[in-house]
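As structure tokens, the structure follows; a few thoughts come after it.
Rule-based calculations on the coordinates, nothing more; no lab input. Here the structure is a predicted model, which is why all the values come from computation and not from measurement. Counting neighbours? That spans all protein chains shown, and the Cβs are built from the backbone with ideal geometry, glycine included.
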């Protein structure tokens, strides 16, 4: 698959935004580390909402005809893409009410209710985003429950890292935040490693034989019928060289999970905020590389009609 | 009704006439112009509803070239319609034709991701997805003779490799020929239940490639002599 940068940017940013909001609400509910000051909670909530908003806006950049984008809210009964749109829009009123009530410091029951609902919707939205990919029978590397597992765990991991930095700024007891981030780091890293292991040993699926119906002989493409590329080759033909893919895999895992642990260890020892910011940057650089690979390594079955032997 | 095509791989000569005729008809059809990008440039490309691939089946000397026209299969379980977030993609209840409402499409490409047959192509000039309409603006046209109420690709095929009809009617030409010649679907394991069927090449006697048998006997010698004398 051709990796479109607007979609990579969108999934990483809005996933982290939703994860951040959910964890912020839970941390505030359970007063993690003694509870953060109100201003920190409020502005972190605003940051989460802005991240989600910027992500959503950037996702419209890959539309060829964005003037019809409003229609995407209509087919939520069947389409995961529509569900994602509806849910991410439904997230806003609850999240905004939560933050407004926080700012005004009134009606604690209503505040908790709207916060809990926004958190629930945030989880459902990340799941819908992942199901856009996981529901496609045409791309075997995506058609797996590991995809929603990875999106949920990576969204919470990256959001939790932001929350950890905020906790360090707020000078509360950071230990609970550190433990939470470490736990999420290991879950996300394991899910991603299982995914990487699984797609290299994916087994037999559709082949050029089932695509053409000639299952008793070797089949090879003589001519694709077009002189230059088509929409199909541009959209689905992209193939990442194997060596580059495995190199990028190592780099993305190191940036997303390895380096942040080292930097955070140092940052906590010296109470250095710049180092924890560097850890955060490293996480997001790693996730962009991970998302790029997620698209680049996916092989669509239509490639069988353009010369691939199997997908 | 379940309208669709049967493609006879035994007689398709791979001339691309169906694709050209499709482009000609649909360029002014219901889904509007089908643009070409750099048609006379170094990298010609464009929107087509119908594309012909050429495969080699088997390995030499027991091999065969098979020409393989492909367009929308008008699937029974069309995922391209289910995944469409705007409702632009739809499958008609009355005849099973899958169409795209050009006024609703937002060009997200998601339907093309869901299609395993590569039937959907984005028109980069309008920003909307386009696909085979089974010449819906032609097959119901009361102003043209009955025999012309067929898709452009079927009418133009010089080898009669394409047939159009109703698969729900067990006595239609397409149903009969699929039954008799063991017509099959592409990528059946994905479960899209495509309406279009393909007829496999018939079994032919192999054409002898060893000519040594001709060299023996008086008749063989005479043949060799004639072959030497006659310039072809």
> So what's the gap between the Cα centers of the range B:60-121 and the range A:232-277, to the nearest angstrom?
Replying inline: 37 Å
> Roughly what angle does helix B:217-229 make with the longest principal axis of chain B, taking Cα atoms, 0 to 90 degrees, to the nearest 10?
Replying inline: 70 degrees
>> On C-alpha positions alone, give me the angle between the axis of helix A:108-134 and the longest principal axis of chain A, in degrees, nearest 10.
In response: 20 degrees
>> Under 10 Å, Cα contacts only: if you run a Gaussian network model on chain B, which one of B:64, B:91, B:176 comes out with the highest mean-square fluctuation?
In response: B:64
>> Relative contact order for chain A: what percent, with Cα pairs under 8 Å and sequence separation of 6 or more?
In response: 24 percent
> Sorted by mean Cβ packing within 10 Å, highest first, what order do the peptides B:114-122, A:142-150 take?
Replying inline: B:114-122, A:142-150
>> Of all beta bridges DSSP finds with both residues in chain B, what is the antiparallel percent, to the nearest 5?
In response: 90 percent
>> Please state the shape class of the range B:111-197: rounded when a/c is under 1.5, otherwise prolate if a/b exceeds b/c and oblate if not, all from the C-alpha gyration tensor.
In response: oblate
> Semi-axes of the equivalent ellipsoid of the range B:43-153: what are they in whole Å, largest first, if each equals the square root of 5 times a C-alpha gyration tensor eigenvalue?
Replying inline: 27, 21, 15
> Using every alpha carbon pair in chain A, what percent of pairs falls into each 20 Å bin from 0 up to the bin containing the largest distance?
Replying inline: 31, 53, 15, 2
> Which of rounded, prolate, oblate describes the range A:105-195, given a ≥ b ≥ c as roots of the alpha-carbon gyration tensor eigenvalues and a/c under 1.5 marking rounded, otherwise prolate only if a/b is larger than b/c?
Replying inline: oblate
> Rounded if a/c is under 1.5, else prolate if a/b beats b/c, else oblate: with a ≥ b ≥ c from the C-alpha gyration tensor eigenvalues square-rooted, which is the range B:3-199?
Replying inline: rounded
> Gap in Å between the Cα centre of the range A:15-54 and the Cα centre of the range A:213-228?
Replying inline: 54 Å
> Considering the alpha-carbon set of the range A:1-146 alone, what are its Rg and its Dmax in angstrom?
Replying inline: 16.5, 51
> What 222 nm value per residue comes from the helices of the protein assembly as shown, counting each DSSP H run with n ≥ 4 as -39,500 (n - 2.57) and dividing by all residues, nearest 500 deg cm²/dmol?
Replying inline: -15500 deg cm²/dmol
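For chain B, what's the relative contact order in percent, using C-alpha pairs closer than 8 Å and at least 6 residues apart?
26 percent
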> Which whole-number percentage describes the relative contact order of the range A:1-57, with Cα contacts under 8 Å and a sequence gap of 6 or more?
Replying inline: 56 percent
